Amino acid sequence: HFIGGRYVEDKSGSRFDVIYPASGAVIAQIHAGTDQIIEQALGAAQAAQQDWAARSGTERGRVLRRAADLIRARNRELSVLETHDTGKPLSETLYADATSGADALEYFGGSAGNVTGEHIQLGENWVSTRREALGICLGIGAWNYPTQIACWKAAPALACGNAMIFKPSETTPLCALKIAEILSEAGLPDGVFNVVQGQGDVGAALLQDPRINKVSLTGSVATGRKVYQSAAVGLKQVTLELGGKSPLIIFEDADLENAVGGAILANFYSSGQICSNGTRVFVHKAIKEAFLDRLSARLEQAVIGDPLDETTNFGPLVRDRQMQIVQGFIAQGISEGARLVCGGRRLERPGYYLAPTVFADVSDQMTIAREEIFGPVLSVLDFDDEGDVVARANNTEYGLSAGVFTRDISRAHRVIGKLQAGSCFINSYNDAPVEAPFGGMKLSGIGRENSKNAIEHYSQLKSVYVRMGDVDAPF
Ligand code: NDP
């Protein structure tokens with residue numbers, strides 16, 4: 001744990017192993033937070049928060065921007081750690097993890113001075129609003145982007161003057177500790193950002209405490225429901241970034257190479273362990289076979305191997321259990337009649353590697369077209385009518401992302417206008433710049449991360465009415 005500006009340990013907490021997914025080797029052991037550790041974190045956050053909030057936004061922002069610089073300077077070291085934690089190849093982590101975290105700290109560092117209210121004139125009287133911190137925010141992370149998630153939650157929370165307690169996923173507990181160290185080095189006062197390790201029960205215990213004012217979770221819909229219910233008891237604010245089963249629609253006039261590239265980015269980056277992935281790839285019948293040919297050919301160029309070798313561009317899944325879940329979905333796809341075009345098997349090497357897998361002739365009712373797989377499995381579904389494909393694309397409980405490939409700009413905007421998803425892409429997929437809001441519709445979540453919208457989710461408004469004249473009381 002990292003509490004009050006230093007590492008702390010309580011060895012009476014249950015011990016769990018951190019496993020390097022490319023080999024299955026145990027690379028660290030961590031003790032889950034005990035009641036005493038939880039109390040220590042809450043105490044440290046409470047002691048630090050008000051002084052932090054009392055600083056000017058510019059001063060708070062300076063600390064965040066310094067942390068962003070330190071992260072960039074140590075990008076390689078942090079990327080190697082991210083690769084050890086998650087198994088994602090270094091060729092990805094060097095560009096997508098610590099760098100994205102630094103972007104968030106830089107962006108919200110720059111925004112902190114703009115966390116202001118407004119003046120509302122009412123004749124000679126007026127109201128001024130103050131945008132104030134919420135207090136102590138709880139961040140709970142998923143395992144796929146441990147550095148990025150910690151930073152995406154901490155940056156806006158801290159910019160607004162909150163303190164944060166972050167509970168990483170028990171599967172990838174290492175990266176958030178480094179972010180805590182770097183924030184301290186950048187000048188963050190002790191106790192403003194704390195990391196408490198543990199499983200779901202530790203997150204649940206923290207959330208129940210009345211000193212927690214807000215929770216931001218990245219995780220599954222099942223956990224999202226539990227967190228939302230628990231937050232409701234204390235009427236706490238929530239941000240929920242949950243799962244998806246997003247559609248990617250490829251029209252017959254699309255640039256084929258770009259569409260294939262988009263489908264690869266939407267399914268195989270991070271071995272498919274990305275919530276916003278476009279896993280239902282609707283391809284117009286006229287180009288379906290050409291699309292499958294090019295996709296298969298390009299997947300043969302995937303370099304699968306040691307994630308620490310920078311030429312590798314496809315790594316293992318995060319853990320044995322996740323690999324087994326994905327294997328179960330692949331078996332279901334085959335038994336329900338989908339055509340296996342490539343992949344579908346475990347690779348004969350240490351670690352949790354599955355070959356990039358493509359199914360064709362997938363129908364809307366099949367399990368692989370309905371449930372989130374969170375692995376390297378792409379499903380191709382046919383269509384030939386625009387209205388029909390939009391209705392099918394929306395026929396899901398999720399609403400995280402959606403994409404369209406077409407050269408027809410009118411059609412692109414018409415279709416995107418009808419898709420029920422929080423993040424949409426035209427002739428692209430899975431871009432996540434910090435300047436843009438990120439989050440889901442329907443079961444995919446509540447609230448938005450990143451962009452200026454996140455400020456609203458980590459602050460509250462106070463209205464101050466000022467009367468210039470006498471008070472006109474009835475008696
Ligand atoms: P989980 O929902 O299992 O866990 C998410 C986090 O919540 C973990 O830290 C977990 O702890 C914790 N947790 C579990 N139960 C509780 C509880 N009752 N109260 C408080 N905290 C709890 O998700 P995974 O980590 O398995 O991640 C995969 C899922 O996350 C996928 O479904 C994916 O779609 C979603 N996801 C969504 C993203 C988005 O931005 N929308 C991004 C990334 C992933 P622990 O695991 O240590 O027990």
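Residues of the range 281-308 that are in contact with a strand residue (DSSP E or B) (Cβ under 9 Å, 6 or more places away or on another chain), aliphatic (A, V, I, L, M) and closer than 16 Å to Gly343 by Cβ: Val281, Leu292, Leu295, Leu299, Ala302, Val303, Ile304. Is at least one residue of the range 335-349 in contact (Cβ under 8 Å) with a residue 12 or more places away in the chain, touching a strand residue (DSSP E or B) at 6+ places or on another chain (Cβ under 7 Å), crowded, with 19+ Cβ neighbours inside 10 Å and within 30 Å of Val221 (Cα to Cα)? For the range 335-349, residues in contact (Cβ under 8 Å) with a residue 12 or more places away in the chain, touching a strand residue (DSSP E or B) at 6+ places or on another chain (Cβ under 7 Å), crowded, with 19+ Cβ neighbours inside 10 Å and within 30 Å of Val221 (Cα to Cα): present.
Quick check: is even one residue across the range 461-469 over 30 Å from Ala53 (Cα atoms) and either within 15 Å of the ligand (Cβ to nearest atom) or not in a strand (DSSP E or B) (or both)?
Among the residues of the range 461-469, at least one is over 30 Å from Ala53 (Cα atoms) and either within 15 Å of the ligand (Cβ to nearest atom) or not in a strand (DSSP E or B) (or both), which makes the answer yes.
Summed over the range 228-249, residues that are under 24 Å from Ala391 (Cα atoms) and hydrophobic (A, V, I, L, M, F, W, C) total 3.
Checked against (1) part of a strand (DSSP E or B); (2) touching a residue at least 24 places away in the same chain (Cβ under 8 Å), Ile37 meets all criteria but (1).
The residue that is nearest to Gly4 (Cα to Cα), counting only those in the range 181-202 that are within 16 Å of the ligand (Cβ to nearest atom) and in contact with a strand residue (DSSP E or B) (Cβ under 9 Å, 6 or more places away or on another chain), is Asn194.
Does Phe282 fit the bill of being on the phi < 0 side of the Ramachandran plot, outside any loop (DSSP other than H, G, I, E, B), more than 25 Å from the chain's Cα centre (by Cα) and aromatic (Phe, Trp, Tyr)?
Values: on the phi < 0 side of the Ramachandran plot: yes; outside any loop (DSSP other than H, G, I, E, B): yes; more than 25 Å from the chain's Cα centre (by Cα): no; aromatic (Phe, Trp, Tyr): yes.
No: the conditions fail for Phe282.
In the range 57-85, how many are closer than 30 Å to Leu317 by Cβ, in a helix (DSSP H, G or I) and not hydrophobic (A, V, I, L, M, F, W, C)? Final tally of qualifying residues: 9. So is Leu177 away from the ligand (no atom under 14 Å from the Cβ) and closer than 18 Å to Arg60 by Cα or not? Here the answer is no, as Leu177 does not meet what is asked. Scanning the range 436-456 for residues that are out of contact with any Lys or Arg (no Cβ under 7 Å at 6 or more places or on another chain) and in a helix (DSSP H, G or I) gives Asn453, Ile455, Glu456. Leu42 - would you say it is crowded, with 19+ Cβ neighbours inside 10 Å, in a helix (DSSP H, G or I) and in contact (Cβ under 8 Å) with a residue 24 or more places away in the chain? Taking the combined requirement at face value, the residue satisfies it.
Condition check for Ser128 on (1) surrounded by fewer than 24 Cβ atoms within 10 Å (Cβ to Cβ); (2) in contact with a Lys or Arg (Cβ under 6 Å, 6 or more places away or on another chain); (3) of a type in the set (Gly, Ala, Ser); (4) part of a strand (DSSP E or B): one failure, at (2). From the list Thr116, Thr99, the lone residue that is free of Cβ contacts under 8 Å to residues at least 60 places away in the same chain, assigned to a loop (DSSP other than H, G, I, E, B) and within 27 Å of Glu59 (Cα to Cα) is Thr116.
Within the group Ala222, Ala205, which residue is within 7 Å of the ligand (Cβ to nearest atom) and over 26 Å from Ala22 (Cβ atoms)?
On the way: Ala205 fails: within 7 Å of the ligand (Cβ to nearest atom).
Testing whether each residue is within 7 Å of the ligand (Cβ to nearest atom) and over 26 Å from Ala22 (Cβ atoms) leaves just Ala222.
Of all residues in the range 350-376 being buried (at least 22 other Cβ atoms within 10 Å of the Cβ) and among the hydroxyl-bearing types (Ser, Thr, Tyr), which is nearest to Val303 (Cα to Cα)? The extreme case among them is Tyr353. Of the candidates Ile140, Ile149, the single residue that is within 22 Å of Ala73 (Cα to Cα), touching a residue at least 24 places away in the same chain (Cβ under 8 Å) and within 9 Å of the ligand (Cβ to nearest atom) is Ile149. Number of residues in the range 225-243 that are near the ligand (Cβ under 6 Å from one of its atoms) and over 14 Å from Ile140 (Cα atoms): the value is 1.
Read-outs throughout are calculated quantities, based only on the coordinates presented, and are distinct from any laboratory measurement. Keep in mind that what you see is a predicted model, and the values were worked out from it rather than measured. In this analysis, Cβ positions are derived from the backbone assuming ideal geometry, glycine residues included, and neighbour counts consider all displayed protein chains.
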